[in-house]
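Read-outs: derived from the displayed coordinates by stated rules, not from any lab. Just so it is clear, the structure is predicted and the values come from calculations on it, not from any experiment. In this analysis, Cβ positions are derived from the backbone assuming ideal geometry, glycine residues included, and neighbour counts consider all displayed protein chains.
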Amino acid sequence: MARLLTLGARPVDIGQGDVPWDVLSDPEGNEFCVLRPGHPGVLADSGLVAICLDVEEEDRYAQWAFWQSQADWHAVESHDWGVRLRRRTASTVSLVMGPPAAPKEARNRLRLEVTQRDWEPGEFLDAGGNEFHVTG
């Protein structure tokens, strides 16, 4: 985390409460989480380990079903806080769907870019209202 702070990241409070990760923002104000060593569900020592998508609890199943059917990511964990999906069981990167810390007020500043050969390229929304871009 010290390296990220040296590069210009700063700690931020987005209403996350007492959680086992640190929330930072990059120099442009985009928030991201840094998981602490030993965090459950992490299968790598460093690097990108999770992509988090906000989803309200009532939309969680629909969002999980969407990403499973469209991107072939499968649930490996399901808890009160959300669902963790992985492309393969041993994949080090997971797609985590959990409750939003703050209500969505505008377009996501960060969004997934998906390569999907049988879709028309363009901008789309998943079941939780998160934007993603299909490159085709």
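Protection proxy ranking of 75-86, 31-42, by the mean of other Cβ atoms within 10 Å over each peptide's residues and highest first, is 75-86, 31-42.
Mean separation of Cα pairs under 8 Å and 6+ residues apart, divided by the residue count of the stretch 30-105: what relative contact order is that in percent? Don't skip to the end; give the middle numbers.
Values: 94 pairs, mean separation 26.1, N = 76.
Relative contact order, the stretch 30-105: 34 percent.
Compute the angle between helix 60-71 and the longest alpha-carbon principal axis of the chain, please, reported from 0 to 90 degrees and rounded to the nearest 10. Between the helix axis and the principal axis of the chain, the angle is about 70 degrees. Counting only Cβ charges, +1 for Lys and Arg and -1 for Asp and Glu, the dipole size of the chain around its Cα centre is about 520 debye.
Legend: calculated FRET efficiency, residue 58 to residue 115, from the Cβ-Cβ distance at R0 = 22 Å, rounded to 0.05, equals 0.15.
Could you pull out which residues in the stretch 102-136 have an amide N less than 18 Å from a spot 7 Å beyond the Cα of residue 25, following the Cα-Cβ vector? Answer for the stretch 102-136: 102-111. GNM on the chain, alpha-carbon springs under 10 angstrom: the most fluctuating residue among 119, 21, 67 is 119. The mean of 1/r over all distinct Cα pairs in the stretch 1-99, once inverted, gives the Kirkwood hydrodynamic radius of 14.6 Å.
Show that you can apply the helix-only estimate: for the chain, add -39,500 (n - 2.57) for every DSSP H stretch of four or more residues, divide by all residues, and state [θ] at 222 nm to the nearest 500. Don't skip to the end; give the middle numbers.
Working: 2 runs with 17 residues, N = 136.
After summing the helix terms and dividing by the residues of the chain, the value is -3500 deg cm²/dmol.
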